[in-house]
Structure formats: structure tokens, C-alpha cells
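Below you'll find the structure, written out as C-alpha cells, and then a few comments.
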Amino acid sequence: MEIIEIREKEIWNNFIFSHINKTESEFLQSWEWGMFQKELGRKIWFLAIKDKEQIISQNLIIKHNLPFGKSYFYCPRGTISSPLNKEIYQELIQKIKNLGQKEKAIFFRWDRRDDKIALKGFNKVKDFQPSKTIILNLKKTETELLEKMHAKTRYNIRLAQKHGVKIFKSSEEKYLNIFLDLLHKTSEREKFRIYPDNYYRKLLNSESKFATLYLAKYKNKILAAHLLIFFNKTATYLHGASLREHKEVMAPYLLHWQTIQQAKKENIYFYDFWGIDKKKWPGVTRFKLNFKGQKISYPGTFELSLSKIWYTLYKLSKLCFHLF
């Protein structure tokens, strides 16, 4: 076996398309996501493991900088692999350790796609990406999708239509600014953290063009907005925001429904609501569950120390001072 770096988008993405469950997008391992991370100023590696001239595993590795010249490596939703065995993991981990010495990385964070193989030295930590989601199968007819939804959800969709809520997509700067304003207000209201504005700007303006902004308008006012990622026949509802104003017209329900309808027209097979958690986001989770999609679970986030002293300091600083 040997580890190489892939430098062609088609080779990288085609391996993903042919080696994952069709209900899963895995856009976090895509060439597009890697290039977006690069646009954010982060160093990336498209690492592949070859065996007898054939690629058998891929992992997008992202370097995140930390204070004092240190860093950590992050692999979101990896490994993409076939066949899956411990030897492949060991090969990757050795490469990570070697890179870590050069890049002054103090730990390796890994959102694993599965936990069938136990790995020595990794500790389970707080989820970095959502470990549970809901996915709608868009191969069903619109009638079938509506019939399966909770009755109240169907009612709210019709109510929004009756009120004349309009849904559209846009890449205009003014609507991006409106989305950011809505996002800040939603974050304050729902008590969740968001990225800096520049993160969303770069994502929507990325050269990869795989992020799209959909908005819901009522009486010339934007009430809700969704940022979606399109990859591997899946539309992923990555970020959303809404106003409390005119809550009675149920704009977010119609926004999801018409986005789903548009995705079907574009031959998208699945709609991923991205994250559910009854304890952390009870209202949002209930809202998503009422669309009655398939529940998908992941093992969560694990970390491997690459420098015991610095990793201990990192954990203490997060606990005591929020330094990092």
C-alpha cells in the first residue's frame, strides 16, 4: 500500500460516488468542500491509499491553525473506503502522524462514517458535525411525500401558499446580506453559534458553485432563508434562518417544500435536513421530524493526540479559558 495525493476533481469525486450509500451526500469529503476550505485559507490534502495501482480509500484532511504556531488536522466524515479494514486506518494514521510533525499539529479530529473497527488512542469528544439527521427520499412522488408528512406540516404548507408566500433562489449580494442578518437574529433567539459572515460569503461565492441560497418572501419582506449544498444527487439543508415577524404565515414550511419540489425537477434523489437533536434543538428537531424522512446516525467525533503536552494544554484552555 502507498498514500498519494489526488490532484484531479473527477478522480476524487468519482471514487466517492461509487463507494458510499446512495442516501448519503458526504459533501464534506468532496473536492468542492476541500477547495472551499482552501479558499478560507486552510491547507488541505486529498489523500488516497492505493493498493496494486487501485485506489481503495480516500480522506480529505484539513489543517486548522491554532495559537502559538500550532494546528490540528480534521477529517470530516471519512474514511471513504472499500474494502474497509484496520490496515487502511493504520496507513492513514501513520501518514497523519508524519504530517503532524511537519505542520506542528497537536491532534487529529475525525468525524467517522462508521465505528466497526476499533482504533487505539482515539477518544470520543463532543460532536463537531451533527451525528443524526433526517433524509427524505425524493424518488417518491410529491403526493407520496405529502401523504407521509405530519398532518400539521401539510396544513402549514397549504397555509403559506394561501397567504401568498413566494419562494425564489438568488445569488445577489443584497439577498446574501439579508440572509446574514436573519442568521444573526436566529442565532441570538435560538442560542446557537454561527460562523463569521465571511465564511458564508465565501461558501456562496465559492468557485465550486455547489451552494445555493433560497428565500421566502411575504409582502416584500424576506421571512426565511436556506443555504443548501448540492452534491451526489443530494440537497443538504446546511444553514437556515427566519424571522419571528409574520410567523403565522408559516413561510419556513413552504420554503422547504418548494425547495424539495425544485430539487426533484433537477433530478436530485435525496433531501438531507442535516441535523437533529431533541435535547439541543427541540423545536427545530420536531419541525424536521414532521417531514417524516429516514433517520440516519453516525458515530460522531473522535480525537487522537499527536502531542501529549500540547493536547493537554489545549483541552485545559478550552475548559478554563476558552483560549483556542
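The values are calculated or read from the model by the stated rules, or taken from the named source; none is laboratory data. If you're wondering where the values come from, they're calculated on a predicted model, not measured in any experiment. As a convention, Cβ positions derive from the backbone with ideal geometry for all residues, glycine included, and neighbour counts pool all protein chains shown.
Scanning the stretch 97-115 for residues that are within 22 Å of the chain's Cα centre (by Cα) and of a type in the set (D, E, K, R) yields a count of 6.
Only a single item in (1) closer than 19 Å to HIS19 by Cα; (2) of a type outside the set (A, V, I, L, M, F, W, C); (3) assigned to a loop (DSSP other than H, G, I, E, B) is not met by ASP111, and it is number (3).
Just to be sure I understand, how many residues within the stretch 14-32 are under 29 Å from PRO196 (Cα atoms) and in contact (Cβ under 8 Å) with a residue 60 or more places away in the chain?
Total meeting the criteria: 8.
Residue under question is PHE36, and the condition is that it be in contact (Cβ under 8 Å) with a residue 24 or more places away in the chain, in a helix (DSSP H, G or I) and surrounded by 22 or more Cβ atoms within 10 Å (Cβ to Cβ); does it hold?
On the way: in contact (Cβ under 8 Å) with a residue 24 or more places away in the chain: yes; in a helix (DSSP H, G or I): yes; surrounded by 22 or more Cβ atoms within 10 Å (Cβ to Cβ): yes.
Answer is yes for this residue.
Please list, ordered by residue number, the helices (runs of 4 or more DSSP H) wholly in the stretch 150-252 having 1 or more residues that are in contact (Cβ under 8 Å) with a residue 12 or more places away in the chain and under 16 Å from the mean Cα position of the chain (by Cα).
197-204
Taking PHE287 as the residue in question, decide whether it is outside any helix (DSSP H, G or I) and over 25 Å from CYS75 (Cα atoms). For PHE287, the condition - outside any helix (DSSP H, G or I) and over 25 Å from CYS75 (Cα atoms) - is not met.
Of LYS191, LYS185, all but one fail to be on the phi > 0 side of the Ramachandran plot and either assigned by TED's automatic domain parsing to the domain that holds TYR218 or among the aromatic types (Phe, Trp, Tyr) (or both); the exception is LYS191. Checked against (1) touching a Ser or Thr at 6+ places or on another chain (Cβ under 7 Å); (2) within 27 Å of SER30 (Cβ to Cβ); (3) at pLDDT below 95; (4) not hydrophobic (A, V, I, L, M, F, W, C), LYS278 passes all but condition (2).
Whether any residue in the stretch 121-136 is of a type outside the set (Val, Ile, Thr), under 26 Å from the mean Cα position of the chain (by Cα) and in a helix (DSSP H, G or I) is what I want to check. No, because not a single residue in the stretch 121-136 is of a type outside the set (Val, Ile, Thr), under 26 Å from the mean Cα position of the chain (by Cα) and in a helix (DSSP H, G or I).
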